[in-house]
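Undergrad: Attaching a single structure in structure tokens format; questions to follow.
Quick note: the coordinates plus some simple rules give every number you see, no bench work behind them. Predicted, not measured: the structure shown is a model, and the values here were computed from it. As a convention, Cβ positions derive from the backbone with ideal geometry for all residues, glycine included, and neighbour counts pool all protein chains shown.
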Amino acid sequence: MALVALWLIASAAAAEVEVRDFASASERERYRALIEELRCPQCQNQNLAASDAPIAQDLRAEVLRLLREGRSDGEIVDHLVARYGDFVRYRPAWQPSTYLLWIAPGLLLVIAGGVWLWVLRRQRRQGVELGAEQRAALDRLLDAERGDR
Amino acid sequence: MDRLKLFVPLIIFLVLAVVLYFGLGRDPRELPSALVDRPLPSFSLPSLREGAAVDESALRGKVRLLNVWGTWCVACRDEHPFLIELADRGIPIVGLNYKDDPRAARAWLQRLGDPYELVVVDADGRYGLELGVYGAPETYVVDADGVIRYRHVGVVDPAVWREHIEPVYRNWTARP
């Protein structure tokens, strides 16, 4: 049991192994948030915090260096995007190439809602609208059926 | 009209199939370089042979390949014989010895041959970060004005050279 707990702790610590001395709690928080949000270019589906690839180690050090230079979070992300491309963002920017990405979920929801309403309304209308002739025909059929029994 | 509606699922399926089919053919590891059509970031780095500092102006004046390599990089060893072949054909190649031990790098070139016009040493990988290097080997085509025109991540072999790099190289060499 203790072993399992130990193992869980060890794996939760993940790859970010460097020991860092932060000047302040806010610096630590910003550093954490940035390396969570930035993606490792080498390993595709990991962020900088989770990857132990050499390039992720280098980029973590770079993020910290830029933080200490007094750059803002936005400037740090832009700095890396200028060198590694939009790929390093886990949260895509709002720009022409990503408009569809951002809008599509809402758009699909609106379309789905529209289709649903349309179907619902059509069903309701069909349920109510029986002409006089149709009604007479229906009565006859029902009468005939009752007569059979 | 109702008949046509029967085909809606089929049409949706076909559209999805086509989109996904083209998605299959793409290599997710291939990142477009953010630096293509931008000038090579400036640097001042020691040369591997003489140790004297070299800057980015060393890459001006003609079209060159910039090859990022290290002795720790297994794929670079695979690539090496073909780089020598390219150098023999007269293609100027500049090496960026990336996060490596200069002594090991010199020994490697002595043993395996030296295809490079010039090798600059980026021992701590800082210049690699400027270039957006995320794995070696990487090969860039840098034009006569020092502007990056192409980037290839991975081994340059005859097929990659013929299909991707040579056309760009020839295109920029042909310009006055």
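Undergrad: Which one, B:ALA104, B:VAL168, B:LEU20, is farthest towards the positive end of the dipole of chain B when Lys and Arg carry +1 and Asp and Glu -1 on their Cβ?
TA: Going by the charge dipole, the pick is B:LEU20.
Undergrad: Could you list B:LEU118, B:LEU83 in order of exposure, starting from the residue whose Cβ has the fewest other Cβ atoms within 10 Å?
TA: B:LEU118, B:LEU83
Undergrad: Turning to a different aspect of this structure: Distance between the C-alpha centers of the range B:134-168 and the range B:10-69? Whole Å please.
TA: Between the Cα centre of the range B:134-168 and that of the range B:10-69, the gap is 7 Å.
Undergrad: Oh, and also: In the protein assembly as shown, with Lys and Arg counted as +1 and Asp and Glu as -1 at Cβ, which of these residues, A:ALA144, B:ALA123, B:LEU86, has the Cα nearest the positive end of the dipole, that is, farthest along it?
TA: The one lying farthest along the dipole's positive direction is A:ALA144.
Undergrad: Before rounding to the nearest 500, sum -39500 (n - 2.57) across all DSSP H runs of length at least 4 in chain B and divide by the residue total; then give [θ] at 222 nm in deg cm²/dmol.
TA: Dividing the helical sum by the residues of chain B leaves -10500 deg cm²/dmol.
Undergrad: Give me B:SER57, A:SER51 sorted ascending by neighbouring Cβ count inside 10 Å, so fewest comes first.
TA: Listed from fewest to most nearby Cβ atoms, that is B:SER57, A:SER51.
Undergrad: Per residue of the range B:111-122, what does 6.51 cos²θ - 1.76 cosθ + 1.60 with θ = phi - 60° give for ³J(HN,Hα)? Whole Hz please, x for Gly and Pro, Karplus curve as stated.
TA: After applying 6.51 cos²θ - 1.76 cosθ + 1.60, I find 7, 9, x, 10, x, 9, 5, 7, 10, 9, 9, 10 Hz.
Undergrad: Right, next: So, R0 is 41 Å and r is the distance between the beta-carbons of A:ALA23 and B:GLU166; what FRET efficiency does that work out to, to 0.05?
TA: Here the calculated transfer efficiency is 0.20.
Undergrad: Let me ask something else. What list of ³J(HN,Hα) couplings, whole Hz, do you get for the range B:136-145 from phi and the Karplus terms 6.51, -1.76, 1.60, once you set θ to phi - 60° and write x for glycine and proline?
TA: Listing the rounded values in order: 9, x, 10, 10, 10, 9, 10, 7, 5, 8 Hz.
Undergrad: If you don't mind, there's one more thing I want to ask. In debye, nearest 20: dipole of the protein assembly as shown around its Cα centre with unit charges on the Cβ of K, R (+) and D, E (-)?
TA: About 1000 debye.
Undergrad: Just want to confirm a number: the relative contact order over the range B:1-138, from Cα pairs under 8 angstrom separated by 6+ residues, in percent.
TA: Value for the range B:1-138: 26 percent.
Undergrad: Indicate, rounded to the nearest 5 percent, the antiparallel portion of the DSSP beta bridges found entirely in the protein assembly as shown.
TA: 65
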